[in-house]
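In what follows, a structure is listed as structure tokens, so that the remarks can point back to it.
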Ligand code: GLU
């Protein structure tokens with residue numbers, strides 16, 4: 001039988017990291033099984049669901065390459081299906097109308113809580129055979145004894161006591177079906193075979209299986225994924241992490257890096273850290289997903305992104321970087337050796353936004369020196385700067401080896417430790433102490449520009465000391 005998975009987001013917020021991880025695992029599993037991956041928009045909560053959130057979710061998934069095999073469906077457009085199913089569950093004798101008032105239910109719950117019991121419906125209307133009325137809800141006759149056991153591909157055998165589950169509501173008094181009911185009907189109607197979702201849904205599963213059983217629907221395979229946690233080991237939220245996928249793209253984390261990082265949230269393969277989507281499709285094993293919460297580590301994502309950026313072809317790197325250069329107003333063509341500069345700075349920062357920012361000094365004049373760096377290295381470096389300026393001006397060939405030997409000669413002549421010579425030059429060239437190797441940096445700027453920037457630093461030192 002062909003395996004069918006689905007991602008079923010409720011469009012009540014933007015696409016977040018935990019959701020993308022669930023979607024990715026569903027996608028990868030279906031591809032690996034040569035099955036089908038579907039998306040279902042669970043928008044029955046009309047007050048909180050919006051089309052904007054739906055669009056954000058679908059666009060985010062598409063940006064990740066997580067594309068469904070069929071057009072997504074919306075629960076809000078499937079009420080005929082649910083109405084039909086309500087008729088079927090009535091006919092099965094496994095559901096009943098309940099007209100308990102809110103006041104009665106509130107009082108019942110408070111009494112249960114006061115005596116230390118779990119609040120749940122006491123089944124008052126279960127055997128009353130009530131007719132449907134304006135204020136009645138439809139409830140499932142959940143078995144009152146015994147156990148519900150299911151096999152979870154991640155967690156193994158999961159057991160729930162039926163006595164812990166009350167007669168859940170299937171249809172509200174206004175006639176609208178509830179989340180659990182729609183979820184079960186849809187999974188069946190769409191031919192879903194595998195439900196892969198967050199562990200927060202684990203306690204919903206026995207309830208949904210009871211609905212399936214009442215309707216004599218075939219059972220499904222389940223896999224409940226561990227929660228994604230922040231560095232503080234609490235559930236990932238805006239409070240402990242950047243959770244919106246778009247925010248990561250805006251920083252210049254590559255799509256492939258996000259896939260790599262998300263795949264590692266709850267799954268691993270030996271020591272292997274770098275994965276692309278095709279590796280996942282061949283290597284991923286749902287049974288190997290861990291049970292314990294998976295911690296999202298931003299430093300690890302940086303490391304992964306650095307690796308993915310380094311592995312891009314130069315042409316691909318350039319095209320991915322272009323929008324970030326544009327937002328820094330950097331015109332690559334304004335420099336003859338623009339490509340060389342880009343290549344040299346390719347791993348300067350873990351994100352494309354960071355790299356583009358670091359490229360600014362190569363395309364614009366230095367508009368100020370980093371305050372700390374100035375105090376620590378620039379102040380008092382006049383002699384070193386003048387010396388190297390003369391040396392560099394005297395070079396006949398302007399390339400990395402000649403510059404490196406001019407630097408070495410200067411260091412020896414002035415008897416300076418490396419940072420005392422190199423850092424002031426770096427600051428003069430870029431405004432900060434960050435740059436690739438100094439010989440390379442100077443070679444990229446050219447002789448004239450290097451000379452001018454060292455002169456500017458000298459002028460600045462003179463002006464600030466007078
Ligand atoms: N709509 C549910 C949610 O967004 C998912 C339900 C499911 O995967 O079964 O959490």
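Summary of computed values
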item	result
Considering residues of region 10-27 that are crowded, with 22+ Cβ neighbours inside 10 Å and touching a helix residue (DSSP H, G or I) at 6+ places or on another chain (Cβ under 6 Å) only, the residue modelled with the lowest pLDDT	15
Residue in region 26-48 that is farthest from residue 277 (Cα to Cα), counting only those that are under 21 Å from the mean Cα position of the chain (by Cα) and not in a helix (DSSP H, G or I)	42
Filter result (closer than 23 Å to residue 78 by Cβ and crowded, with 17+ Cβ neighbours inside 10 Å) within region 149-177	168, 169, 170, 171, 177
Of all residues making up region 208-229, the number that are buried (at least 20 other Cβ atoms within 10 Å of the Cβ) and away from the ligand (no atom under 16 Å from the Cβ)	2
Per-region count, region 115-148, residues exposed (fewer than 12 other Cβ atoms within 10 Å of the Cβ), on the phi > 0 side of the Ramachandran plot and in contact (Cβ under 8 Å) with a residue 12 or more places away in the chain	2
Residue list for region 1-22, filter: in a helix (DSSP H, G or I) and more than 10 Å from the ligand (Cβ to nearest atom)	17, 20, 21
Region 267-287, residues that are assigned to a helix (DSSP H, G or I) and touching a residue at least 24 places away in the same chain (Cβ under 8 Å)	277, 280, 281, 282, 286, 287
Residue in region 57-65 that is buried (at least 17 other Cβ atoms within 10 Å of the Cβ) and more than 16 Å from the ligand (Cβ to nearest atom) present	yes
Residue selected from region 28-49 under the condition modelled with pLDDT of 95 or more and more than 14 Å from the ligand (Cβ to nearest atom), by the criterion surrounded by the fewest Cβ atoms within 10 Å (Cβ to Cβ)	34
Residue count, region 77-104 (criterion: exposed (fewer than 14 other Cβ atoms within 10 Å of the Cβ) and assigned to a helix (DSSP H, G or I))	9
Residue check for residue 439: more than 21 Å from residue 335 (Cβ to Cβ) and either touching a residue at least 24 places away in the same chain (Cβ under 8 Å) or more than 45 Å from the chain's Cα centre (by Cα) (or both)	no
Meets criteria (in contact with a helix residue (DSSP H, G or I) (Cβ under 6 Å, 6 or more places away or on another chain), within 28 Å of residue 355 (Cα to Cα) and surrounded by 15 or more Cβ atoms within 10 Å (Cβ to Cβ)) for residue 407	no
Residues located in region 190-207, provided they are within 28 Å of the chain's Cα centre (by Cα) and crowded, with 19+ Cβ neighbours inside 10 Å	192, 193, 194, 195, 196, 197, 205
Any hit, region 233-247, residues being over 13 Å from the mean Cα position of the chain (by Cα), assigned to a helix (DSSP H, G or I) and within 21 Å of residue 62 (Cα to Cα)	no
Count of region 324-374 residues which are assigned to a helix (DSSP H, G or I) and closer than 21 Å to residue 438 by Cβ	19
Complete set of residues in region 288-308 that are in contact with a strand residue (DSSP E or B) (Cβ under 7 Å, 6 or more places away or on another chain) and assigned to a loop (DSSP other than H, G, I, E, B)	289, 293, 296
Pairs with Cβ under 8 Å, 6+ apart, first in region 185-202 and touching a residue at least 40 places away in the same chain (Cβ under 8 Å), second within 8 Å of the ligand (Cβ to nearest atom) and assigned to a loop (DSSP other than H, G, I, E, B)	186/8; 197/8
Verdict on residue 375 being within 46 Å of the chain's Cα centre (by Cα), at pLDDT 95 or above and surrounded by fewer than 15 Cβ atoms within 10 Å (Cβ to Cβ)	yes
Residue, farthest from residue 2 (Cα to Cα), within region 192-207, restricted to residues that are away from the ligand (no atom under 11 Å from the Cβ) and out of contact with any strand residue (DSSP E or B) (no Cβ under 7 Å at 6 or more places or on another chain)	203
Sole residue being in contact with a strand residue (DSSP E or B) (Cβ under 9 Å, 6 or more places away or on another chain) and within 23 Å of residue 351 (Cβ to Cβ), chosen from 285, 264	264
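This table checks each residue for (1) touching a helix residue (DSSP H, G or I) at 6+ places or on another chain (Cβ under 6 Å); (2) closer than 21 Å to residue 229 by Cα.
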{"position": "260", "(1), (2)": "yes, yes"}
{"position": "278", "(1), (2)": "no, no"}
{"position": "298", "(1), (2)": "no, yes"}
{"position": "303", "(1), (2)": "no, yes"}
{"position": "309", "(1), (2)": "no, no"}
{"position": "353", "(1), (2)": "yes, no"}
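The values are calculated or read from the model by the stated rules, or taken from the named source; none is laboratory data. Note that this is a predicted model, so its numbers are computed, not measured. When we count neighbours, we look across all protein chains shown, and the Cβ atoms used for this are built from the backbone with ideal geometry, even at glycine.
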